[in-house]
Structures are given as C-alpha cells and as structure tokens.
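As structure tokens, the structure follows; a few thoughts come after it.
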Amino acid sequence: MNQQILELLRVQRDGFVSGQEIADKIGISRIAVWKQVQGLKKLGYQIHSRKKNGYSLQAVPDLLLPAEIRDGLKTRVMGSKIHYFPALGSTNDQARKMAAEAAPEGTVVIAEKQTSGKGRLGRSWFSPAGHNIYFSVILRPPITPALAPLLTLLTGVAVASAIKKTCAVNIGLKWPNDLMVKDGGYKKVGGILTEMGAESDRINYLVVGCGLNVNMSPAFLTPELKRTAASLHTYIKGARTVSRVKLMKDILTELERYYHRFLSGKWPEIISEYRELDILRGQAVKVKQGGEIISGKAGSIDDEGRLVIKTGAKTRDVVAGEVTLLKG
Ligand code: BTN
C-alpha cells in the first residue's frame, strides 16, 4: 500500500494530492491514508500535509527501501520480492533461510548494515550502516552443482557492468569475484559470496551475496583495510556521492540481463566478457587451494570458470582458492 501511495505522490512531485483522491484510487479510508503517510514519514520520507490540499512528497530518504528500488524497475525476476532490513546479521544467512522456506527465484534481501557480514573463506565483511550496499539474491538455476561457480562469475560481470553505467568507474575482476579498481595497484571495492543448497545432481537454491563499498569515507577504514580496500565514490569525478538506489536498480537490471543470457545457453559469451575484466591474466600469482600453494603465471579463465595457472611447463586448473597478486 505504501508503494501505491508513493506512486500517486510521485506523479505530483512537489504538488499536492488530496487524501480523498488517494483513498478513492487505492480503495481505503482517508484515515487509513493518513496512517500510511505517518508510516512513510517514520521511514524518512518528507511529506507535507495541508488540510485543504492533501499531501505532497518533498524528499525521499537515502535508504535502500523496496518502494524506491521498485520505482521504475523493469526486471521481472530479480527483485520480484525485496525484503529490507535496517540491520541484519548477514543478508546471505537471511536469504538462505528464506530460500529453504521456498522463497521464489529473484527474491532480494537488503540490509543497511550487517552485524556479522560474511566474506569468502570464513572472513568477515565490514558492513557499517548507511553508506554501502549489502544484498543477497536467491537463484534457482536448472544446472548441476558443479556449474554453480559460473553464477558467481556472472554476478561479477553484471555488477561491474552496473557500476560502469551508474558511476562510470571501470571495474576489474580478481578471480573468482573480487571487484577491484586500479589505483596504482588495485583496491577492492566489493566482493561476492555464493552459497548453495543442493543435492548431488541438482541445485535447490543459490544465494549470491554482494557487498559494495559505495559512499563510505576512507575514515571508516582501519589502516590495514585502507591499504587494500576503497569506496566507489573516491573514483568518481568530483568524488560525488552515488545514489545507492540507482546503483541497486542497475545491478538488478544487469543481473537479470546476464542471468537470462546464461539460461539461454550463452554462458561462453559471459565467460568472454569476464576475461576482458580479468586483472590476473598474465600476472605472477600465488594461489592457496586447500593446504596447497601454487605459484605461477595466471592464464585465462577456462570455459568452466576455473583459473588456469602456468607453473613452468605444466598448467593447473584452480576450482576454488585464494589468489595473491605478486608484484614484479
Ligand atoms: C568477499 O569478498 O570475501 C565476499 C564478500 C561478500 C559480502 C556480502 S555483503 C552481503 C552478503 N551478506 C554477507 O554476509 N556477505 C555478502
């Protein structure tokens, strides 16, 4: 209902819409309209009310509210349901719970802050409120679990494309899915964590979680994080603040576009796009895979999304692991 009221107010942005008109169009009482408006004000919407003229939308809050993300969003699958939380332990944990309870494909969980944000390899993900994006999306691709890593790569390409569109910042991908910006060396501005619920031959659900540092000032980062991490706005002309809502919409749009291509068998094209963004290719790297350390030169990503490492005359395919770029 909030969504419907906001839609009516948006049509008359800065003008007034009478309580009666809203009530008639939505089919509720004027008192119910008033109550809904109070709720919107509590969320941070600035709505002027005048007895004679009704309500006027003056400003929307800088929050990743579903009503804002849905406004003008044209996707059919991604964001079919959007669950918003001012704070959560981890959007991935929440999305996994919902996926196990049969939430539909494309369900998105967003939080303004995470108290136990999770990174890859058991690390934590720094998730303060109000500046960044933390979301997870539920996918149910009809593929075998072995192909699940392709969805992680796809998400990297899709998010990089959305960032390019909204922020005009060039993103490089560090396999498997660190979102990096060239800044002398490279700094990490985002990461992706994919978790799966599966049987031996079929995926029940994938939860793809993405954390993006968007408007966070470097002052938030510890000296250690400052060396390796950064925020997108630092790389935008004039260090302008990014509209997180706009970026979120573009991410969902791009995710849907790439996911559709994936489902129609076009994943070799997506791998090709990944290769163009790959920052490891040709670089000296060290990979920790399980207990083993593999050192060599990174080759291309293969057609199944594995990282190929050239070690002398041999090549090794890496399925999962932690890659360190070696200088020189
Ligand atoms: C990494 O680079 O290690 C992956 C980081 C993934 C962080 C995101 S934030 C939203 C989602 N919820 C989590 O707990 N983790 C992912």
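The values are calculated or read from the model by the stated rules, or taken from the named source; none is laboratory data. All values reported here derive from a predicted model rather than from experimental measurement. With ideal geometry, Cβ positions are generated from the backbone for all residues, glycine too; neighbour counts draw on all protein chains shown.
Has the range 218-227 got at least one residue that is basic (Lys, Arg) and part of a helix (DSSP H, G or I)?
First, pick out the residues of the range 218-227 that are basic (Lys, Arg): 226-227.
Remaining after also requiring part of a helix (DSSP H, G or I): 226-227.
Yes, the range 218-227 contains a residue that is basic (Lys, Arg) and part of a helix (DSSP H, G or I).
Just to verify a result, which residue in the range 71-125, among those that are within 15 Å of the ligand (Cβ to nearest atom), in a loop (DSSP other than H, G, I, E, B) and polar (S, T, N, Q), is surrounded by the fewest Cβ atoms within 10 Å (Cβ to Cβ)?
Among those that are within 15 Å of the ligand (Cβ to nearest atom), in a loop (DSSP other than H, G, I, E, B) and polar (S, T, N, Q), it is 115.
What number of residues in the range 195-217 are touching a strand residue (DSSP E or B) at 6+ places or on another chain (Cβ under 6 Å) and either within 16 Å of the ligand (Cβ to nearest atom) or closer than 24 Å to residue 249 by Cβ (or both)?
Residues in the range 195-217 being touching a strand residue (DSSP E or B) at 6+ places or on another chain (Cβ under 6 Å) and either within 16 Å of the ligand (Cβ to nearest atom) or closer than 24 Å to residue 249 by Cβ (or both): 13 in total.
Among the residues that make up the range 49-56, is at least one of them in a helix (DSSP H, G or I) and of a type in the set (Phe, Trp, Tyr)? It would help to see each step written out before you state the result.
Initial filter on the range 49-56 (in a helix (DSSP H, G or I)): none.
No, there is no match, as no residue in the range 49-56 is in a helix (DSSP H, G or I) and of a type in the set (Phe, Trp, Tyr).
State all residues of the range 275-326 that are among the hydroxyl-bearing types (Ser, Thr, Tyr) and touching an Asp or Glu at 6+ places or on another chain (Cβ under 9 Å); if no residue qualifies, say none. So that I can check it myself, show each step before the final result.
At the first step, the residues of the range 275-326 found to be among the hydroxyl-bearing types (Ser, Thr, Tyr) are 295, 300, 311, 315, 324.
Of everything in the range 275-326, just one residue is among the hydroxyl-bearing types (Ser, Thr, Tyr) and touching an Asp or Glu at 6+ places or on another chain (Cβ under 9 Å), namely 300.
Please go through the range 153-171 and give me each residue that is in contact (Cβ under 8 Å) with a residue 60 or more places away in the chain and either assigned to a strand (DSSP E or B) or touching a strand residue (DSSP E or B) at 6+ places or on another chain (Cβ under 8 Å) (or both), ordered by number. Spell out the reasoning first.
Quick first cut of the range 153-171, residues in contact (Cβ under 8 Å) with a residue 60 or more places away in the chain only: 153-163, 165-169, 171.
Scanning the range 153-171 gives 153, 155, 156, 157, 159, 160, 163, 169, 171.
Restricting to the range 266-300, give me the number of residues that are under 22 Å from residue 145 (Cα atoms) and either modelled with pLDDT of 95 or more or surrounded by fewer than 19 Cβ atoms within 10 Å (Cβ to Cβ) (or both).
First, pick out the residues of the range 266-300 that are under 22 Å from residue 145 (Cα atoms): 266-272, 274, 289-290.
Okay, now just the ones that are also either modelled with pLDDT of 95 or more or surrounded by fewer than 19 Cβ atoms within 10 Å (Cβ to Cβ) (or both), so 266, 268-272, 274, 289-290.
Final tally of qualifying residues: 9.
Answer yes or no: is there a residue in the range 41-55 that is touching a residue at least 40 places away in the same chain (Cβ under 8 Å) and either touching a strand residue (DSSP E or B) at 6+ places or on another chain (Cβ under 8 Å) or within 16 Å of the ligand (Cβ to nearest atom) (or both).
Looking for residues that are touching a residue at least 40 places away in the same chain (Cβ under 8 Å) and either touching a strand residue (DSSP E or B) at 6+ places or on another chain (Cβ under 8 Å) or within 16 Å of the ligand (Cβ to nearest atom) (or both), one finds at least one in the range 41-55, hence yes.
Collect the residues in the range 131-146 that are within 26 Å of residue 80 (Cβ to Cβ) and either of a type in the set (Phe, Trp, Tyr) or more than 9 Å from the ligand (Cβ to nearest atom) (or both), keeping them in residue-number order.
Initial filter on the range 131-146 (within 26 Å of residue 80 (Cβ to Cβ)): 132-145.
134, 135, 137, 138, 139, 140, 141, 142, 143, 144, 145, listed by residue number.
What are the residue pairs meeting all of these: first residue in the range 188-212, first residue outside any strand (DSSP E or B), second residue more than 8 Å from the ligand (Cβ to nearest atom), Cβ atoms under 7 Å, and 6 or more apart or on different chains?
Here the result reads 201/144; 202/144, each pair linking the range 188-212 to a residue that is more than 8 Å from the ligand (Cβ to nearest atom).
Please go through the range 285-297 and give me each residue that is more than 14 Å from residue 320 (Cα to Cα) and hydrophobic (A, V, I, L, M, F, W, C), ordered by number. Let's see the steps before the verdict.
Initially, the range 285-297 is screened for residues more than 14 Å from residue 320 (Cα to Cα), giving 285, 295-297.
Scanning the range 285-297 gives a single hit, 285.
Of the residues 163, 192, only one is more than 22 Å from residue 324 (Cβ to Cβ), at pLDDT 95 or above and either out of contact with any helix residue (DSSP H, G or I) (no Cβ under 9 Å at 6 or more places or on another chain) or within 16 Å of the ligand (Cβ to nearest atom) (or both); which?
Values: 192 fails: more than 22 Å from residue 324 (Cβ to Cβ).
The conditions single out 163.
Pull up the range 228-240, narrow it to residues that are at pLDDT 90 or above and not in a helix (DSSP H, G or I), then point me to the one that is surrounded by the fewest Cβ atoms within 10 Å (Cβ to Cβ).
Kept after step one, since they are at pLDDT 90 or above, are these residues of the range 228-240: 228-236.
With not in a helix (DSSP H, G or I) added as a condition, the list becomes 229-231, 236.
On the way: 229: 20, 230: 21, 231: 24, 236: 16.
Applying the filter and picking the extreme gives 236.
Return the total of residues in the range 84-100 being more than 16 Å from residue 244 (Cα to Cα), in contact (Cβ under 8 Å) with a residue 12 or more places away in the chain and of a type outside the set (Gly, Ala, Ser). Walk me through how you get there before you give the answer.
In the first step, residues of the range 84-100 are kept if they are more than 16 Å from residue 244 (Cα to Cα); the result is 87-100.
Add one more test, that the residue is in contact (Cβ under 8 Å) with a residue 12 or more places away in the chain, and what stays is 87-96, 98-100.
This time we only want the ones that are of a type outside the set (Gly, Ala, Ser), so: 88, 91-94, 96, 98.
The qualifying residues number 7.
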